[in-house]
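One structure is given below, encoded as structure tokens.
The values are calculated or read from the model by the stated rules, or taken from the named source; none is laboratory data. The model shown is predicted, which means the values in this text are computed figures rather than measured ones. So basically every Cβ, Gly included, is an ideal-geometry build from the backbone, and we count neighbours across all protein chains shown. Just the protein is used for accessible areas: all its heavy atoms, side chains included, with ligands, DNA and RNA removed. Shrake-Rupley method; radii C 1.70, N 1.55, O 1.52, S 1.80 Å.
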Amino acid sequence: MSTDTRPANPETKGAIELTLAMVLSGTLGVFVVESGASPFNVVFFRCLFGTATLGLYCLARGFFKNHGFTPKKLGLAALGGVFIVFNWAFLFESYEDASISVATVVYHTQPFYVMLLGAVLFRDKLTAAKFGWLGVAFAGLILVAGVSGADLTGSGDSAYLTGLGYALLAAVFYGVSTVITKRVTGVRPHLVALVQLVLGIFLLLPFTRLGEMRGLGGGWGWLVGLGVIHTCVMYVLMYSAYQKLPTPKIAVLAFVYPAVAMLMDRAVYGRSVSLLQALGIALIVAASLGINLGWSFAGRRARVAPGGEPAPAADAVAVSKAQLKTEVTTEVPTDVPTEIKTDIKTGGTR
């Protein structure tokens, strides 16, 4: 009897890695809420513990050698990090005011802001199909939000409306970070993420109320988990997977994240979505896939302008929470090893 020792299909391995990463992303909201810390405190300690673990990983793998950073690339990575860090704070705030399910789905509209920002800042072409999918997405967003007339007139749940606003603002900030960070070419995404985490420590220190952390007790375990599991481990899985998978598979697997988030919200907190919200989720999923896979309303694949490959749907914390995808680029000095000639296609970290 012979044993098949052939290596696994890289694409299959990538699909498994990305699925695991998206499952981890879906549990992030529970870790944030269960920590019992305020949003800015949560982000600060996520950055602190994430820096320690991801930094050790990069050191062990030798990523600091031939890192590929230039002053311009470092500045762009840091600028993208400013928006990523505050994107986390707004997203975590929205969990409490709205719900993990609603906040995650609203946050998952990131790819559309990336598309709009690309059109405004870099004159990326917006086709009729893209406008159509954008309309579908925002119709879905209205249904998911479930905002009533009472909410708008001030006699309803104002906290819920505030939570929706925070989730939308977080998605916009993620989109801005994406547009900035995708210009950082020839640098391992692990190192870009590490720069952003280190920046987050110093950026959030003035907003962090360390006195509130006394007596946190078991909450520390949840915070350590956010840094180790939802930052270091999740990023390593994602960055590895994105190098093995085509955009269509990334776009589809990205929706494991909101699906798991909604399941966790129901299992842990007993929250569920209404039928209208479920219809809205379906519209957002369809629109995001339509944008990422180049679907047209005529049923044929829409053309993608040169250099305008659709960005995979996000997430992440993320780290959607929009996504990170790497590809070989020719914009790297010839003395840099081939395996690190990568370009962050769709943004910063979840």
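Each residue in the stretch 184-216 was checked for being open to solvent by 40 Å² or more (accessible area, probe 1.4 Å) and assigned to a helix (DSSP H, G or I), and 10 pass.
Just to check your reading of the model, which residue among 208, 231 is of a type in the set (S, T, N, Q), touching a helix residue (DSSP H, G or I) at 6+ places or on another chain (Cβ under 8 Å) and farther than 25 Å from residue 111 by Cα?
After ruling out the rest, the residue left standing is 208.
Table: residues versus (1) modelled with pLDDT under 85; (2) assigned to a helix (DSSP H, G or I); (3) open to solvent by 10 Å² or more (accessible area, probe 1.4 Å).
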{"residue": "64", "(1), (2), (3)": "no, no, yes"}
{"residue": "68", "(1), (2), (3)": "no, no, yes"}
{"residue": "81", "(1), (2), (3)": "no, yes, no"}
{"residue": "84", "(1), (2), (3)": "no, yes, no"}
{"residue": "93", "(1), (2), (3)": "no, yes, yes"}
{"residue": "124", "(1), (2), (3)": "yes, no, yes"}
{"residue": "134", "(1), (2), (3)": "no, yes, yes"}
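Among the conditions (1) among the hydroxyl-bearing types (Ser, Thr, Tyr); (2) part of a helix (DSSP H, G or I); (3) farther than 29 Å from residue 129 by Cα, the only one that residue 272 does not satisfy is (2).
When residue 219 is tested against (1) under 30 Å from residue 62 (Cβ atoms); (2) at pLDDT below 95; (3) touching a helix residue (DSSP H, G or I) at 6+ places or on another chain (Cβ under 6 Å); (4) open to solvent by less than 60 Å² (accessible area, probe 1.4 Å), only condition (1) is not met. Restricting 23, 42, 32 to those that are β-branched (Val, Ile, Thr) and within 22 Å of residue 189 (Cβ to Cβ) reduces the list to 23.
Any residue at all in the stretch 224-236 that is under 23 Å from residue 124 (Cβ atoms) and either open to solvent by less than 50 Å² (accessible area, probe 1.4 Å) or among the basic types (Lys, Arg) (or both)? No, the conditions are met nowhere in the stretch 224-236.
Of all residues being more than 20 Å from residue 22 (Cα to Cα) and assigned to a helix (DSSP H, G or I) in the stretch 95-111, which is most open to solvent (accessible area, probe 1.4 Å)? Just the residue, please. Before the answer, list the steps.
Residues of the stretch 95-111 more than 20 Å from residue 22 (Cα to Cα): 96-98.
Applying the additional criterion that residues be assigned to a helix (DSSP H, G or I) yields 96-97.
Working: 96: 110, 97: 40 Å².
Checked the stretch 95-111; the qualifying residue most open to solvent (accessible area, probe 1.4 Å) is 96.
So for the stretch 37-48 (the condition being at pLDDT 95 or above, open to solvent by less than 70 Å² (accessible area, probe 1.4 Å), within 21 Å of residue 225 (Cα to Cα) and hydroxyl-bearing (Ser, Thr, Tyr)), does at least one residue qualify? No, the stretch 37-48 has no match at all.
Identify, please: which residue in the stretch 70-79 is of a type in the set (Gly, Ala, Ser) and surrounded by fewer than 20 Cβ atoms within 10 Å (Cβ to Cβ) and is, among those, nearest to residue 170 (Cα to Cα)? Show your work before the answer.
Pass one, the stretch 70-79, residues of a type in the set (Gly, Ala, Ser): 75, 77-78.
Add one more test, that the residue is surrounded by fewer than 20 Cβ atoms within 10 Å (Cβ to Cβ), and what stays is 75, 78.
Working: 75: 22, 78: 18 Å.
Per the criteria, the residue is 78.
All conditions in (1) surrounded by fewer than 17 Cβ atoms within 10 Å (Cβ to Cβ); (2) in contact with a strand residue (DSSP E or B) (Cβ under 8 Å, 6 or more places away or on another chain) hold for residue 274, with the sole exception of (2).
Scanning the stretch 138-159 for residues that are surrounded by fewer than 19 Cβ atoms within 10 Å (Cβ to Cβ) and either at pLDDT 90 or above or part of a helix (DSSP H, G or I) (or both) yields 138, 139, 142, 149, 150, 151, 152, 153, 158, 159.
Among the residues of this structure, residue 54 does not count as one that is at pLDDT below 95, open to solvent by less than 60 Å² (accessible area, probe 1.4 Å) and not charged (D, E, K, R). Residue 169 passes every criterion in (1) open to solvent by 40 Å² or more (accessible area, probe 1.4 Å); (2) at pLDDT below 85 apart from (2).
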